[in-house]
Protein chains: 2
Amino acid sequence: MKELTESKLSSKQVFSGRLLDVRSDEVSLPDGAVSTREYIRHPGAVVIVPVLPSEEILLIHQFRYPMGISEIEIPAGKIDQGERPEETLHRELKEETGYRAERTTFLTEIHPCIGYSDEKMWLYLAEDLKEGTSGGDEDEFIELMPTPLEEALKMIMYGQITDVKAIIGLFWVDKVRRGEWQPRDL
Amino acid sequence: MKELTESKLSSKQVFSGRLLDVRSDEVSLPDGAVSTREYIRHPGAVVIVPVLPSEEILLIHQFRYPMGISEIEIPAGKIDQGERPEETLHRELKEETGYRAERTTFLTEIHPCIGYSDEKMWLYLAEDLKEGTSGGDEDEFIELMPTPLEEALKMIMYGQITDVKAIIGLFWVDKVRRGEWQPRDL
């Protein structure tokens with residue numbers, strides 16, 4: 001393989017807000033030239049495919065301000081400082097849906113935005129769900145949408161689900177249900 | 001469905017760099033409370049699943065500075081001002097791989113980063129590829145990796161492909177090759 005690495009020469013924070021930490025780094029390219037790389041620093045997130053006892057997938061519906069539309073998604077949230085991804089999973093699942101999962105399986109890590117963010121997402125399957133009470137972030141408004149997998153896959157095909165983490169989670173469960181893929185840690 | 005819309009009260013640009021345009025808006029929530037939304041404004045991008053005459057998928061390998069690693073991806077690029085997505089497709093495919101496609105099919109739109117970016121990606125299949133010469137961005141260093149679909153899917157399962165646009169493009173082609181899905185515009 002070719003040597004493709006870019007090396008950091010200097011780094012500065014150009015914006016720090018309530019949510020976003022934006023960096024601008026000067027880098028040395030593989031041919032020795034110098035360029036700039038601007039990107040978001042992100043603590044990482046956990047994404048959950050919750051499967052109800054009915055075998056339906058617990059999709060959620062949420063307004064997404066940057067896009068200006070409501071997106072059909074699966075539960076997810078940022079990892080708090082000092083939290084392990086498994087802890088984030090249980091906290092976010094409860095906050096966003098009210099459910100707790102008695103069985104969780106790690107599926108994979110994905111990178112949603114490699115051009116301008118270092119965000120990594122840990123994708124989990126959550127099964128044996130028990131109903132509880134939700135207690136969400138005070139500025140999150142979420143609607144639950146239990147949906148059979150086959151119908152959710154059609155919603156992807158017809159462009160009704162466009163959120164990448166939901167698409168990947170649903171495709172993954174499809175592979176597992178067909179018996180074609182096994183979770184990696186089994 | 002519940003009313004979930006958030007309305008803009010005010011908007012300001014908090015950073016404008018070579019690549020990133022960062023906004024911070026004050027918004028009114030569905031319950032009337034006021035909150036802040038920080039996000040990237042992005043012109044949109046085109047993502048291409050190039051299929052070689054050998055039926056292999058033309059993956060690419062590229063260092064991604066924000067992640068600090070080389071990612072296995074498929075060709076993609078930002079839409080230039082005034083460009084139609086089909087034009088971006090042909091420009092980026094040539095720049096990144098040297099190939100031109102005699103047949104292209106729109107597959108879907110995806111949103112990679114709905115929490116903090118308005119980026120939309122147009123996903124296309126590119127077939128009947130003819131070899132040409134690549135002429136890339138001067139600060140892009142890209143290696144071509146023609147790969148059979150079955151092998152590429154295994155690379156997803158084993159976590160060797162983590163880039164969301166590549167994962168979704170490959171899953172989609174899998175559905176099309178199995179005859180389970182048809183492109184929407186047929």
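A short reminder: the numbers here are calculations on the coordinates, not readings from a lab. Only a predicted model underlies this, so the values are computations on that prediction, with no experimental measurement involved. As a convention, Cβ positions derive from the backbone with ideal geometry for all residues, glycine included, and neighbour counts pool all protein chains shown.
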Problem set entry | 7 Å along Cα→Cβ, label-point gaps from residue A:90 to other copies, nm, shortest first | 5.7
For this session: Grab the beta carbon distance between residue B:177 and residue A:56, set R0 = 25 Å, and tell me the FRET efficiency rounded to 0.05.
Result: 0.35
Exercise. Taking Cα atoms, how many degrees apart are the long axis of helix B:164-177 and the longest axis of chain B, rounded to 10 and kept between 0 and 90?
Worked result: 50 degrees
Exercise. Anyone know which of B:77, B:115, B:32 comes out most mobile in the 10 Å Cα GNM of chain B?
Worked result: B:32
For this session: Lys and Arg at +1, Asp and Glu at -1: add these up for the other residues within a Cβ distance under 15 Å of residue B:67 and post the number.
Result: -2
For this session: Report the relative contact order of chain A, percent, no decimals, based on alpha-carbon pairs under 8 angstrom and at least 6 residues apart.
Result: 21 percent
For this session: Within a 10 angstrom radius of each residue's Cβ in A:19-26, how many Cβ atoms of other chains show up on average? Whole number is fine.
Result: 4
Seminar exercise, completed: Averaged over the residues of B:141-148, the number of partner chain Cβ atoms within 10 Å of each residue's own Cβ comes to 2
Exercise. Where in the range A:66-89 does the label zone of residue B:21 land, with the point 7 angstrom along Cα→C-beta and an amide N cut-off under 20 Å?
Worked result: A:66-69
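What is the projected area of the convex hull of the Cα atoms of the protein assembly as shown, averaged over all directions, in nm²?
So the mean shadow area of the Cα hull is 18.8 nm².
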For this session: Count neighbours as other Cβ atoms within 10 Å of each site's Cβ, and list the GluC sites (Glu not before Pro) in the range A:84-185 that are DSSP loop with at most 11 such neighbours.
Result: A:131, A:138, A:180
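Determine the sum of side-chain charges near residue A:46: Lys and Arg each +1, Asp and Glu each -1, restricted to other residues whose C-beta is under 14 angstrom from that of residue A:46.
In short, -4.
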For this session: List the distances, in nm to one decimal, from the label point of residue B:13 to the label points of the same position in every other copy, shortest first, placing each label point 7 Å from Cα along the Cα-to-Cβ direction.
Result: 2.3
Exercise. Considering only DSSP states other than H, G, I, E and B, which chymotrypsin sites (Phe, Trp or Tyr not before Pro) in the range B:154-186 qualify as loop sites with at most 15 other Cβ atoms within 10 Å?
Worked result: B:158
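What full-extension length gain, to one decimal in nm, is calculated for residue A:109 and residue A:151 as 0.36 nm per residue of separation minus the Cα-Cα distance?
Taking residue A:109 through residue A:151 to full extension adds about 12.6 nm, to one decimal.
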For this session: Identify the trypsin sites (Lys or Arg not before Pro) of the range A:150-186 meeting these criteria: DSSP loop state and at most 13 other C-beta atoms within 10 Å of the C-beta.
Result: A:178, A:184
For this session: Calculate how many DSSP beta bridges within chain B are antiparallel, expressed in % of all such bridges and rounded to the nearest 5.
Result: 85 percent
Exercise. Contour minus end-to-end for residue A:69 and residue A:128, with contour as 0.36 nm per residue of separation and end-to-end as the Cα-Cα distance?
Worked result: 18.1 nm
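Please find the FRET efficiency linking residue A:9 to residue B:12, where r is the Cβ-Cβ separation and R0 is fixed at 30 Å, and quote it to the nearest 0.05.
Numbers: r = 30 Å, r/R0 = 1.01.
Step by step, r from the Cβ atoms, then E = 0.50.
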Seminar exercise, completed: Computed, not fitted: 222 nm per-residue ellipticity of chain B from DSSP H runs ≥ 4 (each -39500 (n - 2.57)), nearest 500, equal to -6000 deg cm²/dmol
Problem set entry | When the range A:38-186 is reduced to its Cα atoms, the Kirkwood hydrodynamic radius in Å | 15.7 Å
Problem set entry | Label 7 Å beyond Cα on the Cβ vector: residue B:103 copy-to-copy distances, nm | 4.4
